[in-house]
Amino acid sequence: MSYFQNQAGIECSILTINQGIDDTLIEYLSGVEIVVLPYISSRFQIPVPMIGTIARLVRAADVVHLMNHWSVLNVFVYLFIKLFSKPYVVCPAGALEKFGRSIHLKSFYNWIVGRSIIRGASRCVATTQDEVLQFSQYDVSPENVVVIPNGVVTDTSLPVREDDFRIKHGLSTKPYILFMGRLNLIKGPDLLIDAFCRWQKEEHSSYQLVLAGADEGLLLDLQNKIDNANLNDVVHFIGFLKGEEKRQAYSSADLLVIPSRSEAMSIVVLEAGVLGTPMLATDKCGLNDFAELKCGWICSASKEGIYSGLAEFSKADDKVLRGQNIKTYVIENYDWSKLISKYSELYQTIT
């Protein structure tokens, strides 16, 4: 978003924590001020409160755009928003609902400041129409919520070296199914593993399963499931991917599976869709329109539902067509260069 704002002549700055920031990203965002704060807790991502830096950035801004919801950094920024009476928008990107191990801590967060951050926003941004309803839990009227979907860079001109990817990660030439995301309960990799193990046992599928993403506490349990099913030769945990290697994973996959228990709209379906990879997603991801347009398949957020989805995928004779459909649909509707004007219009209405 910041890249295309900069390309459109909108001056912007990014305030973030020191996670995932590298020279490639800095070079890509040339012209955008990136301010990185060190952090003292990786689980809760608590940044060092560099008060002077945060105050400078908020004071200089015409509009502040807050991402996510369960964020200590957002709290620091919010305090200076109030101090300097700045207009601001909030885009939780699917993070409004309480879920996971820290549900009680999240309730406390909302009681202290979270609800105030959401309710005080000049406008709230939902990434799907389904997410609009979640704002009502924070007493935000639908009239104060604008729907702007996630975007993606749709340049497909760069070559993809699929063979390099397979060799590096020890994958055979057999087709594979891809999971791309954090190994976290809300993302549902455990549901996918259970469904895949059953699928292998009952259908003797020829597919491999590749899980790409950082471990957030589930890796050992998932590996134990694979050990017990004797599927170590066809299930691969390859860790966090980014950049060119991520594109290679999408491009060479036959199917992207999004087994999330709750998600506003998965950005990975757009990234893979640009490269023509169809998706199987649960009905908790805001992607029902993709299935209706035959860009993939939708299933319930359960191991039984995902098993049925895998079986349906394997028997489908229109896999290639669905890949072509999703590529066309994403490029026509989710290109950042087209979506950025919606943010420009939004900012103008509140300044």
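Some points to look at:
- In terms of distances greater than 25 angstrom between alpha carbons, the cross-link table entries LYS98/LYS338; LYS174/LYS327; LYS201/LYS242; LYS225/LYS303; LYS294/LYS342; LYS86/LYS342 yield LYS98/LYS338; LYS201/LYS242; LYS294/LYS342.
- Dipole size of region 162-333 about its Cα centre, with +1 on Lys/Arg Cβ and -1 on Asp/Glu Cβ: approximately 60 debye, rounded to the nearest 20.
- Here r is the Cβ-Cβ distance between ASN232 and LYS174 and R0 is 25 Å; the resulting FRET efficiency, rounded to 0.05, is 0.95.
- Cα gyration tensor category, rounded, prolate or oblate, for region 184-276 with a/c compared to 1.5: prolate
- Cut-off under 5 Å, modelled amide H: who pairs with ILE46 long-range: ILE40, SER41
- Length-normalised contact order for the chain - Cα pairs under 8 Å, 6+ apart - percent: 14 percent
- The calculated 222 nm mean residue ellipticity attributable to helices in the chain amounts to -12500 deg cm²/dmol, summing -39500 (n - 2.57) over DSSP H runs of n ≥ 4 and dividing by all residues.
- R0 of 25 Å, Cβ-Cβ distance GLU143-ARG182: FRET efficiency to nearest 0.05: 0.15
- Among the trypsin sites (Lys or Arg not before Pro) in region 37-76, those located in a DSSP loop and surrounded by at most 16 other Cβ atoms within 10 Å of their own Cβ are ARG43.
- For region 142-221: rounded, prolate or oblate by the Cα gyration tensor [a/c cutoff 1.5]: oblate
- Gyration tensor verdict on region 162-333 (Cα atoms; rounded if a/c is under 1.5, prolate if a/b is larger than b/c, oblate otherwise): rounded
- Within the chain, antiparallel bridges make up roughly 5 percent of the DSSP beta bridges whose residues both belong there.
- Estimated vicinal HN-Hα couplings, Hz - region 321-327 in sequence order (Karplus 6.51, -1.76, 1.60; Gly, Pro = x): 4, 5, x, 5, 5, 5, 4
- For region 82-226, alpha-carbon Rg relative to the globular expectation (2.2 N^0.38 Å, N residues): 1.42
- Relative contact order (percent, whole number), region 162-333, Cα cutoff 8 Å, 6+ residue spacing: 23 percent
- Sequence-ordered 3J(HN,Hα) estimates for region 216-230 from the Karplus curve with 6.51, -1.76 and 1.60 and θ = phi - 60° stand at 10, x, 9, 4, 4, 5, 5, 5, 5, 4, 5, 4, 5, 8, 6 Hz, glycine and proline given as x.
- Kirkwood-based Rg to Rh ratio, the chain, C-alpha trace: 0.97
- Cα-centre dipole for the chain with unit charges at Cβ (Lys and Arg positive, Asp and Glu negative), debye to 20: 880 debye
- Of the trypsin sites (Lys or Arg not before Pro) found in region 164-213, those that fall in a DSSP loop while having at most 15 other beta-carbon atoms within 10 Å are ARG182.
- Residue among SER262, VAL113, PHE4 farthest towards the positive dipole end of the chain, charges placed on Cβ: VAL113
Where a number appears in this text, it was derived from the coordinates with a stated rule and is not lab data. Everything numeric here is computed off the predicted structure, so don't read it as measured data. Note that each Cβ is placed from the backbone with ideal geometry, even for glycine, and that neighbours are counted across all protein chains shown.
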